[in-house]
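So the structure is just underneath, and the comments pick up after that.
The values are calculated or read from the model by the stated rules, or taken from the named source; none is laboratory data. Just so it is clear, the model here is predicted, and its values are computed rather than measured. Here the Cβ is made from the backbone with ideal geometry for all residues, glycine too, and neighbour counts use every protein chain on show.
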Ligand code: VTB
């Protein structure tokens, strides 16, 4: 066991608590309240975790985010000698809109790894490619959508119509969608939630073969951690909407801004874990709130052991 995997049950508890808190806001149309509830519950859980933790990816800069801001120290052993020094990338409520509208796939999610081994991804977009282990070494963002679909047909020994692509439903993907549809491949669009989309694409028994398109960069690090554990492909390239975003990114990741990041660049340690808990039914079942019990459904991916464990947990209401 590594210093991160030793603490895995605490990370599962943090995402479970965030899921329970935000589930109270499902379908109420207030995404900020849902997000705040998740953040606060996750933050509270971290107070009792015996580690010297730090937020590597969080809710934003200190001035804008009262909790789980980038650089915030977490845990009950901050500065203590011999304490495990861990970095956390959190998205206490990924797919926030869908929680507010009670639509599928909202999850509370985080990745954890030893200090300094998660990329401090800037708050910009990232062009992403995710796929399962069979396609590793055969697909890449260096090739376009058409190339990657042809590679998948070859490796999976199937026709274009059998290749299943998932992408966020966004205007910016107009050209990408055109290219995909010209190949004849299947295209499924997600309103929100490309963390779930990426992990689904990486799983052999998932509903998609590849995730393509542009989503948020910080969540790319979380997806990459999960996919290191699953053994599939995750690649990302930063995309900027303004010169200001670009300048900010340079201070965080250096001047090679056009670089192609692999999963092992985004999450640089084997001693890493990914934890998620379902808020709304979808990638995971959502929180079930009963008269006597609240039930959560979580997933823990252990990167070093290469295991994916799903668990159901009942607590008194
Ligand atoms: C969302 C969300 C994704 O990135 O698309 C966001 O659905 C990107 O922002 O799951 P836009 O809404 O501006 O497109 C994610 O949060 C993560 O990549």
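Any residue that is at positive phi and either over 18 Å from the mean Cα position of the chain (by Cα) or in the same structural domain as residue 299 (by TED's automatic domain parsing) (or both) - is there at least one of those in the range 162-183?
No, the conditions are met nowhere in the range 162-183.
What helices (runs of 4 or more DSSP H) completely inside the range 158-244 contain at least 1 residues that are farther than 16 Å from residue 110 by Cα, at pLDDT below 95 and away from the ligand (no atom under 11 Å from the Cβ)? Let's see the steps before the verdict.
Working: elements: 174-183, 194-202, 217-230.
Passing ranges: none, list empty.
Pick from the range 60-79 the residues that are modelled with pLDDT of 95 or more and either surrounded by fewer than 13 Cβ atoms within 10 Å (Cβ to Cβ) or touching a helix residue (DSSP H, G or I) at 6+ places or on another chain (Cβ under 7 Å) (or both): which of them is farthest from residue 15 (Cα to Cα)?
Checked the range 60-79; the qualifying residue farthest from residue 15 (Cα to Cα) is 79.
Can you spot a residue in the range 126-133 that is within 12 Å of the ligand (Cβ to nearest atom) and part of a helix (DSSP H, G or I)?
no
Collect the residues in the range 193-213 that are farther than 19 Å from residue 300 by Cβ and surrounded by fewer than 22 Cβ atoms within 10 Å (Cβ to Cβ), keeping them in residue-number order.
Passing the criteria: only 207.
Restricting attention to the range 25-38, does a residue exist that is assigned to a helix (DSSP H, G or I) and more than 26 Å from residue 312 (Cα to Cα)?
Yes: the range 25-38 contains one or more residues that are assigned to a helix (DSSP H, G or I) and more than 26 Å from residue 312 (Cα to Cα).
Among the strands (runs of 3 or more DSSP E) contained in the range 258-317, which hold 2 or more residues that are more than 23 Å from residue 6 (Cβ to Cβ)?
Counting at least 2 such residues, we get 293-302, 307-316.
Any idea which residue in the range 83-103 is farthest from residue 19 (Cα to Cα), counting only those that are assigned to a loop (DSSP other than H, G, I, E, B) and within 12 Å of the ligand (Cβ to nearest atom)?
Residue satisfying both the conditions and the ranking: 103.
For residue 142, state whether it is more than 16 Å from the ligand (Cβ to nearest atom) and in a loop (DSSP other than H, G, I, E, B).
Yes; evaluated as a whole, the condition is true for this residue.
If you check residue 100 against the conditions, is it at negative phi, at pLDDT 95 or above, outside the structural domain of residue 257 (by TED's automatic domain parsing) and touching a helix residue (DSSP H, G or I) at 6+ places or on another chain (Cβ under 6 Å)?
Spelling it out, residue 100 is indeed at negative phi, at pLDDT 95 or above, outside the structural domain of residue 257 (by TED's automatic domain parsing) and touching a helix residue (DSSP H, G or I) at 6+ places or on another chain (Cβ under 6 Å).
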